[in-house]
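Read-outs throughout are calculated quantities, based only on the coordinates presented, and are distinct from any laboratory measurement. The structure displayed is predicted, hence computed values, not measured ones. FYI the Cβ positions are ideal-geometry reconstructions off the backbone, even for glycines, and counts take in every protein chain you see.
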Amino acid sequence: MAEAVGITAVGRNERIIKMGDTVKYVNSDTVSRVADLKKDEQGKVWALLESTNLWYREETLEPTDIKAKEKEEDKNFTAEELDERFRKLKETMQAFDVGKAGGGGAGG
């Protein structure tokens, strides 16, 4: 993260982007917080987004007031929340009846 010291990113709408800001990637509407900033050999500025762990060019991002979703693996679930998630998954799996799936394969 030391790379970001002294680096200024300017988004598509000419607004400053700093580490920790929430931005939207304009090509897919991905919303995430900026985890890091870096400048490449050509002087182009890139921002690392938390949600994708990918680097994006500054001009493809715009600051937003939309709240970034918390990454599921970063969230601490209570025992009750985990029980509910597993119960729903089990119900979904039980509702799927393989016998009713249409047979489109070859065979006799």
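Observations, loosely collected:
- A simple count of charges around ASP65, restricted to other residues whose Cβ falls under 12 Å of its Cβ and scoring Lys, Arg +1 and Asp, Glu -1, yields +1.
- With kT/(6 pi eta Rh) evaluated at 10 °C and eta = 1.306 mPa s, and Rh the Kirkwood radius from Cα pairs, region 2-63 diffuses with a coefficient of 143 µm²/s according to Stokes-Einstein.
- Residues whose amide H lies under 5 Å from that of SER51, counting only those 5 or more places away or on a different chain, are ARG33; hydrogens are built 1.01 Å from N in the peptide plane.
- Cα-projected label distance for MET93 with ASN76, points at 7 Å along beta-carbon direction, nm: 2.8 nm
- Nonlocal amide H pairs with LEU37, under 5 Å, H built at 1.01 Å: ALA4, LEU48
- Over 24 Å (Cα to Cα) - which of LYS24/LYS90; LYS67/LYS88; LYS18/LYS67 fall in this group: LYS24/LYS90; LYS67/LYS88
- Across region 2-63, the mean sequence separation of Cα contacts (distance under 8 Å, 6 or more residues apart), normalised by length, yields a relative contact order of 37 percent.
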